[in-house]
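Engineer: Provided herewith is a single structure, encoded as structure tokens, for subsequent inquiry.
No lab work stands behind these numbers, since they all come straight from the coordinates. Bear in mind that the values here come from a model prediction, so they are computed numbers and not experimental data. Cβ atoms come from the backbone with ideal geometry, glycine included; neighbour counts cover every protein chain shown.
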Amino acid sequence: MKTLSILTAGLLALSASAFAETKTSVVLVHGAFADGSSWNKVISQLQKQHTEVIAVQLPLTSLKDDVAATQRAIARAQGDVVLVGHSWGGTVISEAGNDARVKSLVYVAAFAPDSGQSTADLAGSFPAPPGSAGIAKTADGYLYLPTGAVRKDFAPDVKPAIQDTIAATQGPIKAEAFGEKVAHAAWHDKPSWFVVSKNDRMINPDLERAMAKAIHAKTTEVAASHVSMVSQPDAIARTIEQAIEAK
């Protein structure tokens, strides 16, 4: 009887171990003019489903550096990874998503460059959005958004207190990063999802639609600003959950 109990306990432990090994993790990659806290509301929704979530803190110094930071987060994850990128984070996941543990990609109002293409190449292929006029530059070559631009263009559909927090916590990005090209776009090899922000003033919504079509993504649209993960976290979490559940 004691031997049977030990055997049963061992089988249960193995089952639990196997479950842990196959459980999908989510790695969230923020964009320019933001940091990992921009995902807070989405994180809460995913954690309610007992999903492991890691939000990357990008240095925003170069594409290479940001990809390396994302790869470190992927390495920390317990299971297969759904890799999610917002805005500039879409460029990052297009490169970092080549990691063998990444099973799918989710683009949230994000850039999705092709192999040999940069963020600037994509941005210049469509008429400039109104928010581009509000971007400021430091003396040492970093781009940021003044508070007024955050309120008017970056996050107009969230409360003023949240707008001010976004402005205060944003990460300025090295301007040169937008000119760096992706070596191999992971979306050629991984299934992709794309959430278009219909009211985006930072990326032309028609460019978002064109990118979603080009990468053959499962596409949804939300009536949101550029920061749909802040203003409509439930919609973004649902799309991520679809990617988790897809076989």
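Engineer: In straight Cα distance, which lysines are under 19 Å from K137, not counting same-chain residues fewer than 8 positions off?
Structural biologist: The qualifying lysines are K152, K174.
Engineer: Related question: Report for the chain the percent antiparallel among DSSP-assigned beta bridges with both residues inside it, nearest 5.
Structural biologist: Once the DSSP bridges in the chain are tallied, antiparallel ones form about 20 percent.
Engineer: So, one more: Charges on Cβ only, +1 for Lys and Arg, -1 for Asp and Glu, centred on the Cα centroid of the chain; of A185, S94, V222, which one is farthest towards the dipole's positive end?
Structural biologist: V222
Engineer: What is the packing order of peptides 111-123, 224-236, taking the mean over residues of other C-beta atoms within 10 Å and listing the highest first? It would help to have the intermediate numbers written out before the result.
Structural biologist: On the way: 111-123: 20.2, 224-236: 23.9.
The peptides rank, most packed first, as 224-236, 111-123.
Engineer: Say the cut-off is 20 Å between C-alpha atoms; which of K190/K213; K48/K159; K103/K218 go over it?
Structural biologist: K48/K159
Engineer: State to the nearest 20 debye the size of the charge dipole of the stretch 26-152 about its Cα centre, where the only charges are +1 on K and R beta carbons and -1 on D and E beta carbons.
Structural biologist: Dipole about the Cα centre, nearest 20: 400 debye.
Engineer: Mark the label point 7 Å from the Cα of S62 along Cα→Cβ and return the residues of the stretch 154-180 whose backbone N is within less than 12 Å of it.
Structural biologist: Correct set: 176-177, 180.
Engineer: Just to check I understand the Karplus step: with θ = phi - 60° and J = 6.51 cos²θ - 1.76 cosθ + 1.60, what whole-Hz values come out for the stretch 194-208, glycine and proline as x?
Structural biologist: Listing the rounded values in order: 9, 10, 8, 8, 5, 9, 5, 10, 10, 10, 4, x, 5, 5, 4 Hz.
Engineer: Hey, what did the stretch 159-227 get for relative contact order, percent, Cα under 8 Å, at least 6 apart?
Structural biologist: Relative CO of the stretch 159-227 lands at 32 percent.
Engineer: What is the local net charge at M211, summed over the other residues whose Cβ is closer than 14 Å to its Cβ (Lys, Arg +1; Asp, Glu -1)?
Structural biologist: Net charge in that neighbourhood comes out at -3.
Engineer: With just the Cα atoms of the chain, tell me how far they stretch along each of the three principal axes, in Å, largest first.
Structural biologist: 75, 40, 34
Engineer: Counting Lys and Arg as +1 and Asp and Glu as -1, what is the net charge of the other residues whose Cβ lies under 15 Å from the Cβ of I173?
Structural biologist: With Lys, Arg at +1 and Asp, Glu at -1, the net is -3.
Engineer: Counting Lys +1, Arg +1, Asp -1, Glu -1, what net charge surrounds A120 among other residues with beta carbon under 14 Å of its beta carbon? Could you put the intermediate results ahead of the total?
Structural biologist: Details: positive: K174, K181; negative: D114, D121, E176, E180.
Taking every other residue near A120 into account, the sum is -2.
Engineer: Also, I was wondering about something else. To the nearest 20 debye, what is the magnitude of the charge dipole of the chain about its Cα centre, counting +1 on the Cβ of each Lys and Arg and -1 on the Cβ of each Asp and Glu? Display every interim value, and only then the final one.
Structural biologist: Values: 23 positive and 24 negative charges, 107 e Å.
Here the size comes out at about 520 debye.
Engineer: Give the distance, in whole Å, between the Cα centre of the stretch 182-247 and the Cα centre of the stretch 48-117.
Structural biologist: Distance between centres, Cα-based: 13 Å.
Engineer: Now for a separate question. Of P127, P156, Q242, which is farthest towards the positive pole of the chain's charge dipole, taken about the Cα centre with +1 and -1 on the beta-carbons of Lys, Arg and Asp, Glu respectively?
Structural biologist: The one lying farthest along the dipole's positive direction is Q242.
Engineer: What does the highest-first list of 86-92, 64-70 look like by mean Cβ count within 10 Å?
Structural biologist: Per-residue Cβ counts within 10 Å, averaged per peptide and sorted highest first, yield 86-92, 64-70.
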